[in-house]
1. If you place +1 on the Cβ of every Lys and Arg, -1 on the Cβ of every Asp and Glu, and leave all else neutral, what size is the dipole of the chain about its Cα centre, to the nearest 20 Debye?
2. Please identify every one of the trypsin sites (Lys or Arg not before Pro) in the range 1-56 that sits in a loop by DSSP and has no more than 14 other beta carbons within 10 Å of its own beta carbon.
3. At 222 nm, what helix-only mean residue ellipticity would the chain give, in deg cm²/dmol to the nearest 500, using -39500 (n - 2.57) for each DSSP H run of four or more?
4. Please report, as a whole percent, how much of the solvent-accessible surface of the chain comes from carbon and sulfur atoms (probe radius 1.4 Å).
5. Considering the range 4-64, what Rg and Dmax in Å follow from its alpha-carbon atoms?
6. Residues of the chain: accessible area per residue at 1.4 Å, in Å²?
7. Sticking with the crude label model, points 7 Å out along Cα→Cβ, report the distance from H33 to Y19 in nm, one decimal please.
Amino acid sequence: MIDYSPFWNTLEQSSENWYTLTNKYHISHSTLHRLKHNKDVSTKTLNNISDIVQYVPSDADQVL
């Protein structure tokens, strides 16, 4: 499972908030909603993914 709690922790430690993410950085409300609820989002534009995402193994993971 992909967990986005590091994103929210990073956001808490910054001077940014939901409003600045949507208005200053043009992150859509739907993307933020998906992050908040650990839903799938595209990661193709992320530069430093380790600050906002962590992998949490679960029994529901696909076997490779």
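The values are calculated or read from the model by the stated rules, or taken from the named source; none is laboratory data. For clarity, every value in this text was computed on a predicted model and none was experimentally measured. Note that we place each Cβ from the backbone using ideal geometry, even for glycine, and neighbour counts take in every protein chain shown. All accessible areas refer to the heavy atoms of the entire protein, side chains included, with ligands and DNA or RNA removed. Shrake-Rupley method; radii C 1.70, N 1.55, O 1.52, S 1.80 Å.
1. 300
2. K24, K39, K44
3. Working: 3 runs with 23 residues, N = 64.
For the chain, the value works out to -9500 deg cm²/dmol.
4. C and S fraction of accessible area: 52 percent.
5. 12.9, 40
6. 82
7. For the pair H33/Y19, the computed spacing is 2.1 nm.
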